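The values are calculated or read from the model by the stated rules, or taken from the named source; none is laboratory data. Note that the structure is predicted; figures quoted are calculated from it, not measured. For neighbour counting, all protein chains shown are included, and Cβ atoms are generated from backbone atoms with ideal geometry for every residue, glycine included. Only protein heavy atoms, including side chains, enter the accessible area calculation; ligands, DNA and RNA are left aside. Shrake-Rupley method; radii C 1.70, N 1.55, O 1.52, S 1.80 Å.
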Amino acid sequence: QVQLVEFGGGLVQAGGSLRLSCAASGSIFRLNSMGWYRQAPGKQRELVAIITSDGSTNYAGSVQGRFTISRDSAKISVILQMNSLKPEDTAVYYCKLFQLGTDYWGQGTQVTVSS
């Protein structure tokens, strides 16, 4: 079994920065991808950024150039550095690990950006 625990989040003014981190534990395999998704009230969950075990990254167009995803060398934690935050970035942010055909999700952490 796999567990994901998220840290960070909170309230920040527009233009500010926040750092989210996610630690995975349990049966973690070498080949996997980790990422962040978000869900705003009344909207579907959407991809924010993902990173594979070989370091390849992919970002949503709305966060490109403002957010940076990274992971540690052991490949069991992932960080999302969010800069130049906008009110439209307000959402619950979820960490996800994908391995062996299965998605594992964290519990989510709230990010609120005030204007």
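General observations
- Residue match in segment 97-108 (condition: β-branched (V, I, T) and under 14 Å from the mean Cα position of the chain (by Cα)): no
- Of all residues in segment 87-109, those being open to solvent by less than 10 Å² (accessible area, probe 1.4 Å), more than 23 Å from L31 (Cα to Cα) and not hydrophobic (A, V, I, L, M, F, W, C) number 2.
- Selection over segment 1-28 of residues that are part of a loop (DSSP other than H, G, I, E, B) and either open to solvent by less than 30 Å² (accessible area, probe 1.4 Å) or touching a Ser or Thr at 6+ places or on another chain (Cβ under 9 Å) (or both) gives a count of 7.
- Here I79 passes the criteria (1) among the β-branched types (V, I, T); (2) more than 10 Å from the chain's Cα centre (by Cα); (3) open to solvent by 10 Å² or more (accessible area, probe 1.4 Å) except the one numbered (2).
- Of the listed requirements (1) more than 13 Å from the chain's Cα centre (by Cα); (2) over 16 Å from S33 (Cβ atoms), V63 misses just one: (1).
- Residue among T68, T112 that is in a strand (DSSP E or B), among the β-branched types (V, I, T), touching a residue at least 60 places away in the same chain (Cβ under 8 Å) and open to solvent by 40 Å² or more (accessible area, probe 1.4 Å): T112
- So S84, is it open to solvent by 40 Å² or more (accessible area, probe 1.4 Å), on the phi > 0 side of the Ramachandran plot, at pLDDT 95 or above and out of contact with any Phe, Trp or Tyr (no Cβ under 7 Å at 6 or more places or on another chain): yes
- Residues of segment 29-62 satisfying the condition of being open to solvent by 40 Å² or more (accessible area, probe 1.4 Å), in contact with a Leu (Cβ under 8 Å, 6 or more places away or on another chain) and touching a residue at least 60 places away in the same chain (Cβ under 8 Å): F29
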